[in-house]
Each structure stands twice: as structure tokens, then as C-alpha cells.
Amino acid sequence: MRFLVIVQDLRVSGTSEGIVSRSFIAKLRKTYPKSVIDSVYIAHSETEDRLDLLPVDTIKKHIVNTKVPFWTLFWNRFYWRLFHVSLKERYIHKQYAKVIELLDYTIYDHIFIRSAGIDHEMILATHNLPILKKTIINFHDPYPLSWYVGSKTNFSKLEFFRLKRMMQIVGQAKTCSSSAQWMSHDLEHLYASKKKFYTLPHQFDETVFDLSDKSQMLAKNKKISISYHGALMFGRNIENLLIAYQELLQEDVIYKENTEFVLRLKGDGIQQLKQKFSSIENLQILDCLNFSNSSNEQIHDSDIVIILENGPLYCNVLVGKAPFLAAFGKPVLCVSPKKSELREIITDKKFIANMNNVQEIKEKLKALIDHRMISNEKVNPFGDYFSDANFKKQLYKILNHLEDDK
């Protein structure tokens, strides 16, 4: 078979989509080792990509200029208010479309287009292009932004017309998938799709990364190190977790003597967190690291790794951290809303707690710490959900339009 993978993000650090898209290509190669796999990488800037690590037959990188001309910006001030369409967005989409239009899609059996970020430029660039009839579109996040759980964006007429355009693209595509079961369910109905939305979970494959850089790792100072590496956005709540940890330290000196909590954060509200929890001596709130250093800290120094899902009521996306942690058998505490993607995946409920319940978080965290005090054994909170076998099964269903587990 011949595969074409069109991607917008293959960065090795600072982005969840870059990590999972690289891993997707690696798992595709493992699943179909004798197939031809070509990739077209359309980015908007020059970045650190290490494309040499990707197991593809060919890869071509295109840098598109997304700087919008002055006159387009000028007319857009009036145009979007009158017609509820952004000339600025359409201009950017056209820059991606110019590359896609030149591809000879007819020589491939299957074509994948993978979205990146919340603007979905790559997918929107394919509107009315003939390549769609052979394309499997993969959604990393919901679109438009007002449908992203935890988003503060209000629905508007502009959002409605964005939704309408995406509905047209979905109708033109061969099929669609997303990384989460709940998101596939939601988008299938949101876009009024007449075709099934499949689920292909995020993957992690160490072979497409260089993890040799350990220069910025923080030395472990306590017997048990708890860590969270990531962003604070879309309703992710870490305050209740920190309150729970603070109470543990106050209730029993053994936790103060034997545990530490390291936060590697980006996003809004970090300074407020530092001020609010400055009295916790065992807590460090630091800047994020590059992927190699961050990975090594979590793999080698962290005893318990925190996962924050979006909230506060519902999370229909799969966080990219989950398959990474599954690959290394790390104990996790997933702080989640009552209805979420990981609640459908995690096989042992001791690894998941309600983000709105401080007492439950404290009990689950205490139990994980107590167990880690006496055992360093690997654990498998996610079962075989991120295994090579499950990836192969789910991909086979997508390629062959199967409705069940045949």
C-alpha cells in the first residue's frame, strides 16, 4: 500500500500534536512495514523537527508565509462584520491550499491529514479540493473554538459560518477520525456527518525522538517525587490538587519528610499560584523544559505523575501525556471532571480523582504515595489501550470502514 501523511506539526518539543504526529508515523510504519509512506509537512515557520528520525520513504517540508497583506487586513475590518467570514483566515488557508493542490493524490491508497492547534488551518485549506475524496481527516481538537470544552469563547455568527464550512469539508472527506471517543461522538453530531467518526487514540513512540539531552533536569531531593509538566488551560484545575497535597503535609510529618511536588507550568495564572501556595516548602513551581529534559525528569525522577484533564464538567479530548506515560509504566493521578475521556480508559479507579473534590484527591494521592513508599514496580493504569495491537486494530477499522471489532 501507499500512504501519504500531510501534517502541520512535527516539532520535537513544546507541542503535543508534534509529539503524537511523529508517533503516529512511527506506529504506521510498524503496522505496515513494507508499505510506502510519504509525508508532506506544511509549517508556518522554521522549527526544530529532526525529520531524519521519522521512518518515511520521503518527506517534503514547506514553509508557508502566513503574514496577511495590509489591504486584506484593512478590508477584513468591514468584511467579517457584513458577511461573517474572515478574509484574514481565508488568506491563511489559501497559503496551505496552494501546497496541497499540487500534490498527486491519485497514486496513494490512503491519505491522512492531521490537524494542529485550535485554528485547524490544514483541514480548512482542503475545502472543495479533490484530494478530500481519498482523505482521512484526523481532528486533534474540536472546531470551532467555542465548542472546545473549557473555552471561554462565545458563540457568534462568525463561529456559525466557521462551523458551516467545516461541515462541508467533513461531508467531502472520505472519512474522519479523532483521538478521543467522546470527541468522535460529539463531532459526528456537531458536523451532522453522514459517515462514522472513528477514534484513533494518540500514540507515543520513543524511536522518533532524541532524548539524550538531560542538561536541565532537576535533581530529585526526596524519596517520593510528584510532578506535573504541562499547560494550565481549558478549565484544568490544579488548585484543588495543591490544597489536597498541602493538607497531607500538615496532617502527617512523614509526607513532609519524604515527598516533593514539582510543577513545570506554562499558561495563565502561574504567578497567582506561586503566591497562593508559597508557604508549601515541598513545592516547586518552575518553567517548562524542552521535551528531552521534561521526558527524562518524568521517566527517571518522578514517582507519581499528574495528568490534568479539561473541565470543570466534561472533557472530550485525550491529553497527549497519557500514551507517553503508558509507554513507561508510570503511576499517575488523573485529576478529572466527572465525565471525561480518561474515565473511559483507566482500568483502575485508584489512578483517577474528581477535580472538584479535594477530599477524594487527597485520599487517592495518599494511597499512591503510600504504595510508592514500598514499591517501585511498573504499573499499567491504561490497560492495553495504547498498545501496538490496539493501534493496529483501530487503524484497520478506519481503513476498511468497519463498524465493529471485526
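Bear in mind that the values in this text are calculations on the coordinates, not laboratory data. The model shown is predicted, which means the values in this text are computed figures rather than measured ones. All Cβ positions, even for glycine, are placed from backbone atoms using ideal geometry, and neighbour counts span all protein chains on display.
Worth a mention:
- Along the axis of the charge dipole computed for the chain (Cβ charges of +1 for Lys and Arg, -1 for Asp and Glu, origin at the Cα centre), the listed residues L232, N316, Y79 are led at the positive end by Y79.
- Whether the stretch 224-374 is rounded, prolate or oblate, judged on the alpha carbon gyration tensor where a/c under 1.5 counts as rounded: rounded
- Which listed pairs, of K30/K330; K157/K397; K214/K256; K321/K378; K60/K195; K27/K220, have C-alpha distances above 26 Å, in listed order: K157/K397; K214/K256; K60/K195; K27/K220
- Under 13 Å, Cβ to Cβ, from T153 - net charge with Lys/Arg +1 and Asp/Glu -1: -1
- Count Lys and Arg as plus one, Asp and Glu as minus one, and take only other residues whose Cβ is under 12 Å from that of P331; the net charge is then +1.
- 14 Å beta-carbon shell around T58, net charge (K/R +1, D/E -1): 0
- Taking the convex hull of the alpha carbon positions in the stretch 222-268 and averaging its projected area over all directions gives 3.4 nm².
- The angle between the Cα long axis of helix 239-251 and the main principal axis of the chain comes to about 10°, on a 0 to 90 degree scale.
- Potential lengthening between K392 and E344 on full extension [0.36 nm per residue; Cα-Cα distance subtracted]: 15.3 nm
- Annotation for the stretch 338-362 versus the stretch 269-314: alpha-carbon center distance of 18 Å.
- Modelled label reach - I243, point 7 Å along Cα→Cβ, the stretch 326-362 residues with backbone N closer than 17 Å: 335-338, 353-362
- Take each peptide in 300-307, 80-87, count the other Cβ atoms within 10 Å of every residue, and average; sorted highest first, the result is 300-307, 80-87.
- Taking 0.36 nm per residue of separation and subtracting the Cα-Cα distance, full extension of the segment from T175 to L73 would add 33.3 nm.
- Peptide ranges 125-136, 269-280 listed from the most packed, as the mean C-beta count within 10 angstrom indicates: 125-136, 269-280
- Hypothetical label at I118: residues of the stretch 293-318 whose amide nitrogen lies under 15 Å (7 Å Cα-Cβ projection): 310-312, 316-317
- Phi-derived couplings, Karplus 6.51 cos²θ - 1.76 cosθ + 1.60 at θ = phi - 60°, listed residue by residue for the stretch 204-218: 9, 9, 5, 5, 9, 9, 9, 9, 7, 7, 10, 5, 10, 5, 8 Hz, with x used for Gly and Pro.
- Among 227-238, 18-29, the order from most to least packed when residues are scored by Cβ within 10 Å on average: 18-29, 227-238
- Equivalent ellipsoid semi-axes, the chain, via Cα gyration tensor eigenvalues times 5, rooted, Å: 38, 24, 20
- Aspartates and glutamates whose Cα lies under 19 Å from that of K67, excluding same-chain neighbours fewer than 8 positions away: D9, E46, E89, D119, E121
- Between the beta carbons of K30 and K256, assuming R0 = 60 Å, the FRET efficiency works out to 0.85 to the nearest 0.05.
- Cα long-axis angle, helix 181-190 against the chain (0 to 90 degrees, to the nearest 10): 40 degrees
- Multiplying the residue separation of H189 and H371 by 0.36 nm and removing their Cα-Cα distance gives an extension gain of 61.2 nm.
- Ellipticity estimate at 222 nm from DSSP helix runs (n ≥ 4, -39,500 (n - 2.57)) divided over the chain, nearest 500: -10500 deg cm²/dmol
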